[in-house]
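Q: Before I ask anything, here is the structure I am working with.
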Amino acid sequence: MHRFKLSSLNIRGRLMLLTVVLLAICMLQPHATLPRRVFDWFFVLDITQSMNVRDYTMDGKSISRLEYSKKAMREALRDLPCGSTVALGMFTERGTQNIVQPLEVCAHFSALDQTINHMDWRMAWAADSFITHGVYSALDLTTKLGKGMHLAFFTDGHQAPPSNPDYLPTYEGKPGDVEGMLVGTGKEELSRIPKLDEHDNIIGYWELEEVMRFATFGMFTSKSVADMESDMEVEGDGLNNRNASHGRNPAEDTKANLSGLEEKTLTRIADTTGLTYKRLSTVRTFANDVTSTGMASWRSARTDLRPWLAFPALLLILAFFMPPRFFAFVQQHLRFRKR
């Protein structure tokens, strides 16, 4: 019995010594360059005013599409493994601007996280929102940011002024050349678009008379003189409105001051470009999509070895507090195997 106690204490001492050694190595923050699965993303955020609609709820409080999208981006940033890269961009009017070049997520986590946190609707350089142009622009930028870069474009699909289907731009790329997703934000139910002060407090809502209700973009379709004369006879006013700002007899959007998730528009753009359409239902859902196996690539990257050392140290600590019978069982098992 006395011999058993000495043996048990001896084993416990060795366990504790080994644990201290492993934890001491962890404090040195060891790293190694190893092949691993990594991800490369270009996060683009729609910062137009419709994104200020507060139709999400978090912790019992209403939150805007813009803020909820930022939370989803920051959550995904935390999930990306070391060696992954993230670039950031913003969309307004008809173009996407790249504001941060691809950065490695571990070495530049704080910079990326704070940049996302400070993205704001006030940064918009124009009030219009030509969403199709914006996505095509983002796709073009994505190809220039590096091989294998994926695109995640956050938007509610709201078009302002309303789009004319006859004058939408043509996608000149090959569908599927750039992989990624269109992330639809907000609810489909129409909501009023708020006006905000410098502290993001709602001070009113945009009224129908204050917004563009007619499509203004595009060139008039060429017609023959005979067709134009025929049109004038039909109209009965002796005029041809080919140079009118809204075209002839424009259809008025009587809900232009309201905004809801335009899933049909985003689905159409996704089908055209080869992107995947995803609705932003939860913050975690987007983080899981970003780190899915299909979006990964393999390359050598700086790998943190601390988890590989800390986990065995945890097991050794647990073993240290095991009852004496456990050590007796281990000794008997080892002696039996030697025989």
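No lab work stands behind these numbers, since they all come straight from the coordinates. Everything numeric in this text was worked out from a predicted model, so none of it was measured. All Cβ positions, glycine included, derive from the backbone under ideal geometry; neighbour counts span all protein chains shown.
Q: Taking the Cβ of each residue in 199, 150, 158, 118 as the centre, tally the other Cβ atoms inside 10 Å and list the residues starting with the fewest.
A: The fewest-first ordering by Cβ neighbours comes to 199, 118, 150, 158.
Q: Right, here's the next one. With θ set to phi - 60° and the Karplus curve 6.51 cos²θ - 1.76 cosθ + 1.60, what are the ³J(HN,Hα) couplings of segment 173-180 in order, to the nearest whole Hz, using x for Gly and Pro?
A: x, 9, x, x, 4, 10, 8, x
Q: On to the next question. Please work out how much length the chain gains when fully extended from residue 268 to residue 191, using 0.36 nm per residue of separation minus the C-alpha to C-alpha distance, in nm with one decimal.
A: 25.5 nm
Q: Could you pull out the GluC sites (Glu not before Pro) across segment 251-301 that fall in loop regions by DSSP (anything but H, G, I, E, B) with no more than 13 other Cβ atoms inside 10 Å?
A: Here the GluC sites (Glu not before Pro) that fit, given the DSSP loop and packing criteria, are 252.
Q: State which entries of 61/195; 70/174; 187/264; 70/187; 195/278 exceed 24 angstrom in Cα-Cα distance in the structure shown.
A: 70/174; 195/278
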